[in-house]
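These notes are about the structure you will find just below.
The values are calculated or read from the model by the stated rules, or taken from the named source; none is laboratory data. Everything quoted here is computed from the prediction, not taken from an experiment. Ideal geometry is used to build each Cβ from the backbone, glycine not excepted, and the neighbour counts take in all protein chains shown.
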Amino acid sequence: MFKKLFLIVVFTLCTTCVVFAAKEIKRPESYNYLRGLEAIQNNQLEEGLEYFNKEIEENPKNGYAYAWIASIKLDQQEYGNALTTINQALKYIPQKDKEYRAFAYSTRAEINTSLENIDRALVDYKNAIECSPDDESLYEKRAQIYYLQGEYDLAEADYNKIISLNEGSIVGHMGLGRNDNARKEYEKAISHYDYVVKLAGYYSSGYSFRAVSYIALHRYNEAINDIIKALEIDYDNHAFYLMHNVADSAFNELEARLKIQCKKREDDSFWPYSLGSIYEQTKQFQKAIEQYKISADKDNSPILHYRIACCYESLGNYSSAIQHIDIAIEMDSTDYDYVMRKADLLYESGRTAEAIAEMTKYIAHEPEFYGGYYCRGFYKDNTSDADGAIEDYTMAIALNPGYAYAYLGRADMYQLKGEELPAKRDYEKVIELDTVPSNESCAQYAFLELGEKEKAIDYMERVIANDSVYSGNYYDAACLYTRMGNNDKALEMLKMALEKGFRRFNHIEHDDDLDGIRHLEQFSKMIRLYQDKIKAETEENPNNLYSEKEVLIPFSKEGDICKVKCTINGLPLHFVFDTGASDVSISDVEASFMFKNGYLTNKNVIGKQNYVTADGGVHEGTLINLTNVEFGGLKLSNIRATVVKNQRAPLLLGQSVLNKLGKIEIDNTNRVLKITYHEAK
């Protein structure tokens, strides 16, 4: 109940208060309006918006259509249009239609919340509650605002109201527990979560939020028990975050529990992934890689290869890192974060021209993100392209005027060109912006270039004191002392950086900050020593890790629909292969058959989700976990699906599955799907 939901559920949040039961109220039955509702049900928002707009053209006083338009505009973050439209809705929705007016007030409250007009939002929730005083969701939304404002007594009153309306409400008891956590009354919070767990043992958040209380009380074993339980139920994101929190305080206990889960659930890729993530967090990169590869063998996905690439990068094994980031890009060419990571890996490998080209691709796709320009400027900076670097740093500054490092890079380039005045202005700007010593600080360099050596040393020491573990801080100190001409101190700091895991050898080779010590024999010996050490620890034949495979899967066609034979938990079925759909869905008829015949059990049930039908009704659907999905010789595990209350709804495979498969090509001539994927050797 406290998780962020996406659009189809935005309509759920907007419409849980819309009870379509008042038969005496005449609601629209026009063609465009009903088609708009049908489009919303199918998550086709633009199509729904088009129908509702046509409805307004023909029936400009249809307040119901305005309400749905406002909901869509709210989701699209077009708050001005949403506000204007919802005001029209409230103007035209009949006063006697309390349910829909409550819906409209609730929608306007959400718009005002997004606009940070909190007082207005609270007035709207008050009006919505007056229209629909028995609607629990309205109290829940208002309580959320009170909670975020620190008004815990008011939030508590709303949560108690929810419980008075529905004694078994999970939301009400969860809210009371969260309030007590915020007040640091952890034992009281635990008592509320204990009750939630009794009410709904399948509800993962009851366990993950109780784990928060246990962590605060340093009761780590109990916290780990709850985290594991929440992850077992629902791969709970909150529990996954808490797992990393606990890893710093009770690593051995957590590691043991995750290893047990790996053995209990041998077909489930999630558990080795989780184990790998805590190894990565604790800088046990080789162990992390091993677990990520085990996970990929069970259920290959681009994020696994991305994480493997990050681990290899941390180990200084850039060739293997590049190979895995290439696999991630091949599996999901739409995620340009992978492209940005590849550019960095190419730079760290000494392939700077390729890095610049790759970052240029990223910038073409993300032209408004300052980070792309800064990174490309940094690459150019270290290839002596001062003018190109200045241009990119300037773009970064234009997009993010508060990013101190961009001013520092530009200042260094101005100084290299002999342009002292603009360099001085930029160094001063760095000091103005970077006032709190941290791992991201750079003011020490600016102090030095402005002739304030003692301030530079003091600031650098404060940066290291803030985080004495981070290797990058010692590398920065090596650069600073080299600039000062203190070679002995620079070599000492460089050795500390390498000891603590700094592996950017190409950057060390080309970083002009180290020009003052690069000629020294101690420098050369030190670099060779650590390069050999890392090579011995991580060397691997990058061409012998994964083999590329392909599978051809026949399909039949019914109109424009591709149908493929499959088995779900051992039951032979057909699914519709739909690259435009986001998730997996199954009809309630198929789901009921599977439950009755043992293909699904209560253990497969994840939770509930509401959706809107074409006639404007709100229905509760069920989220389930499909343990095994097989087709064409491919095997996938633990796929989430929504049970749709529509007998004609097909078994639909969308992007949540397709993204895991690899490269997909549809050969309509031969009626086969060609899927190319990587498999560990």
Criterion first (hydrophobic (A, V, I, L, M, F, W, C), modelled with pLDDT of 90 or more and either crowded, with 17+ Cβ neighbours inside 10 Å or under 33 Å from the mean Cα position of the chain (by Cα) (or both)) does Val469 satisfy it? no
Quick check on region 299-355: of everything there that is more than 25 Å from Gly472 (Cα to Cα) and of a type in the set (Ser, Thr, Tyr), which residue is farthest from the chain's Cα centre (by Cα)? Ser333
Quickly run through region 91-100 and pick out the residues that are assigned to a helix (DSSP H, G or I) and closer than 9 Å to Tyr64 by Cα. Tyr92, Tyr100
Just give me the residues in region 229-256 being within 24 Å of Asn602 (Cα to Cα), touching a helix residue (DSSP H, G or I) at 6+ places or on another chain (Cβ under 7 Å) and surrounded by fewer than 21 Cβ atoms within 10 Å (Cβ to Cβ), in sequence order. Lys229, Tyr235, His238, Phe240
Scanning region 541-569 residue by residue, the ones that are assigned to a strand (DSSP E or B), polar (S, T, N, Q) and modelled with pLDDT under 70 total 1
Would you pick out the residues in region 1-34 that are of a type outside the set (Ser, Thr, Tyr), in a helix (DSSP H, G or I), surrounded by fewer than 18 Cβ atoms within 10 Å (Cβ to Cβ) and at pLDDT 80 or above? Leu34
Only one of (1) under 23 Å from Glu509 (Cβ atoms); (2) modelled with pLDDT of 95 or more; (3) surrounded by fewer than 24 Cβ atoms within 10 Å (Cβ to Cβ) fails for Ile397. Which number is that? (1)
Just name the residue that is nearest to Ser249 (Cα to Cα) out of those in region 172-219 that are within 26 Å of the chain's Cα centre (by Cα) and surrounded by fewer than 18 Cβ atoms within 10 Å (Cβ to Cβ). Ala216
Residue check: is Ile390 within 20 Å of Tyr347 (Cα to Cα) and either surrounded by fewer than 21 Cβ atoms within 10 Å (Cβ to Cβ) or out of contact with any Asp or Glu (no Cβ under 8 Å at 6 or more places or on another chain) (or both)? yes
Please state which one of Ile93, Ile56 is β-branched (Val, Ile, Thr) and either within 34 Å of the chain's Cα centre (by Cα) or closer than 22 Å to Ser137 by Cα (or both). Ile93
Out of region 574-601, which residues are at pLDDT below 75, farther than 18 Å from Ala39 by Cβ and surrounded by fewer than 19 Cβ atoms within 10 Å (Cβ to Cβ)? Thr579
By residue number, the members of region 445-463 that are farther than 15 Å from Tyr427 by Cβ and crowded, with 17+ Cβ neighbours inside 10 Å are Ile457, Met460, Val463
Within region 269-278, considering residues that are of a type outside the set (S, T, N, Q) and crowded, with 20+ Cβ neighbours inside 10 Å, the one nearest to the chain's Cα centre (by Cα): Tyr273
Only one of Tyr306, Tyr292, Tyr379 is buried (at least 21 other Cβ atoms within 10 Å of the Cβ), aromatic (Phe, Trp, Tyr) and closer than 29 Å to Val430 by Cα, namely Tyr379
Based on what the data block shows, is Tyr312 buried (at least 23 other Cβ atoms within 10 Å of the Cβ) and either in contact (Cβ under 8 Å) with a residue 24 or more places away in the chain or on the phi < 0 side of the Ramachandran plot (or both)? yes
Please work out which residue is farthest from Trp68 (Cα to Cα), limiting yourself to region 121-144 and to residues that are basic (Lys, Arg) and under 31 Å from the mean Cα position of the chain (by Cα). Arg142
